[in-house]
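Here the structure is laid out as structure tokens; the discussion comes afterwards.
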Amino acid sequence: MRIDILTILPRLLDGPFNDSILKRAIDKGLVEVFIHDIRTYSKNKHKKVDDYAFGGGAGMVMQIQPIADCIDFLKQSNDYDEIIYMTPDGKQLNQRMANQLSLGGNLMIICGHYKGIDERLREKYITKEISIGDYVLSGGELAAAVLSDSIIRLIPGVLNDETSALTDSFQDDLLAPPVYTRPAEYDGMKVPEVLLSGNFKKIEEWRYEQALERTKKRRPDLLEKK
Ligand code: 6GU
């Protein structure tokens, strides 16, 4: 899989892909991530990428030319399953979407800024519009990093046994059960006996009950979906 991210702030994306699991996935050759600086595609002599909104009002709008040229250039040499625009008015990201996108081919992700991108770019190029929640970020970069992380960790071979995605919260529409590690007693607080029993079947049952209990208490909406 190949992920191309278009942004006017490429440095914002340096961090997330240069550490930990994402870096390992890239180093193992399981995914390629390319960050493209939209400004380098601007044909304006001052490398301008935005302009005032027609009709007036506060806030700038990202112009068609630099983004369209960058997309066209990339499409010449790669096929994309989805061209995604990160925007607070998109469909809210969930585990099902991450699972689905992790199975497919190449992705292009466009990060917006200011008031967003010219609507005609959305009409011509964008196949999916994704938000990461009901709050406003200053740009799509952090959202693109969140989306990429949620997808890349699901690509087969990225996680090992210790980090397996199978027991994640949301993987089966349940929150994850509580977890414990050494010491078995801390400040008089003991680890649940069953976890020390060595009885694998009992432990699995306990974990399922705890996951169900936690979901009922904290996220009853997840159980209604079942
Ligand atoms: Cl995708 N972009 C911005 N700018 N803000 C957001 C978002 C995206 N998702 C939630 N808030």
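The values are calculated or read from the model by the stated rules, or taken from the named source; none is laboratory data. Computed from a predicted model, the values in this text were never measured in an experiment. Counting neighbours? That spans all protein chains shown, and the Cβs are built from the backbone with ideal geometry, glycine included. To get the accessible areas, we keep the full protein, side chains included, count just its heavy atoms, and leave off ligands, DNA and RNA. Shrake-Rupley method; radii C 1.70, N 1.55, O 1.52, S 1.80 Å.
Looking only at region 32-41, decide whether some residue is farther than 26 Å from Gly157 by Cα, touching a His at 6+ places or on another chain (Cβ under 8 Å), at pLDDT 95 or above and within 16 Å of the ligand (Cβ to nearest atom). Checked region 32-41: no residue is farther than 26 Å from Gly157 by Cα, touching a His at 6+ places or on another chain (Cβ under 8 Å), at pLDDT 95 or above and within 16 Å of the ligand (Cβ to nearest atom). Quick one: is Lys47 open to solvent by 30 Å² or more (accessible area, probe 1.4 Å) and in a loop (DSSP other than H, G, I, E, B)? Yes: the conditions hold for Lys47. Scanning region 170-188 for residues that are open to solvent by less than 60 Å² (accessible area, probe 1.4 Å) and among the hydrophobic types (A, V, I, L, M, F, W, C) yields Leu174, Leu175, Ala176, Ala184. Against the conditions (1) open to solvent by less than 40 Å² (accessible area, probe 1.4 Å); (2) not in a loop (DSSP other than H, G, I, E, B), Lys217 satisfies every one except (1).
Output yes when any residue across region 123-141 is farther than 24 Å from Glu224 by Cβ, in contact with a strand residue (DSSP E or B) (Cβ under 6 Å, 6 or more places away or on another chain) and small (Gly, Ala, Ser), and no when none is. Yes: region 123-141 contains one or more residues that are farther than 24 Å from Glu224 by Cβ, in contact with a strand residue (DSSP E or B) (Cβ under 6 Å, 6 or more places away or on another chain) and small (Gly, Ala, Ser). Only a single item in (1) touching an Asp or Glu at 6+ places or on another chain (Cβ under 8 Å); (2) outside any helix (DSSP H, G or I) is not met by Gly29, and it is number (1).
State whether one or more residues within region 165-180 are part of a loop (DSSP other than H, G, I, E, B), over 30 Å from Leu101 (Cα atoms) and modelled with pLDDT of 95 or more. Taking every residue of region 165-180 in turn, at least one turns out to be part of a loop (DSSP other than H, G, I, E, B), over 30 Å from Leu101 (Cα atoms) and modelled with pLDDT of 95 or more.
Determine whether region 189-203 contains at least one residue that is open to solvent by less than 50 Å² (accessible area, probe 1.4 Å) and in contact (Cβ under 8 Å) with a residue 24 or more places away in the chain. So far as region 189-203 goes, no, none of its residues is open to solvent by less than 50 Å² (accessible area, probe 1.4 Å) and in contact (Cβ under 8 Å) with a residue 24 or more places away in the chain.
Pull up region 99-148, narrow it to residues that are away from the ligand (no atom under 14 Å from the Cβ) and charged (D, E, K, R), then point me to the one that is least open to solvent (accessible area, probe 1.4 Å). Taking the candidates together, the pick is Asp118. For region 99-135, the tally of residues that are part of a strand (DSSP E or B) and within 15 Å of the chain's Cα centre (by Cα) stands at 9.
Note on region 74-98: among residues that are in a helix (DSSP H, G or I) and surrounded by 13 or more Cβ atoms within 10 Å (Cβ to Cβ), the one that is farthest from the ligand (Cβ to nearest atom) is Lys75.
Scanning region 25-39 for residues that are open to solvent by 90 Å² or more (accessible area, probe 1.4 Å) and touching a residue at least 12 places away in the same chain (Cβ under 8 Å) gives Lys28, Glu32.
Look at region 124-148: where a residue is at positive phi and a partner is more than 6 Å from the ligand (Cβ to nearest atom) and modelled with pLDDT of 95 or more, sitting 6+ places away or on another chain with Cβ atoms under 8 Å, you get Gly133/Gln92; Gly133/Leu93.
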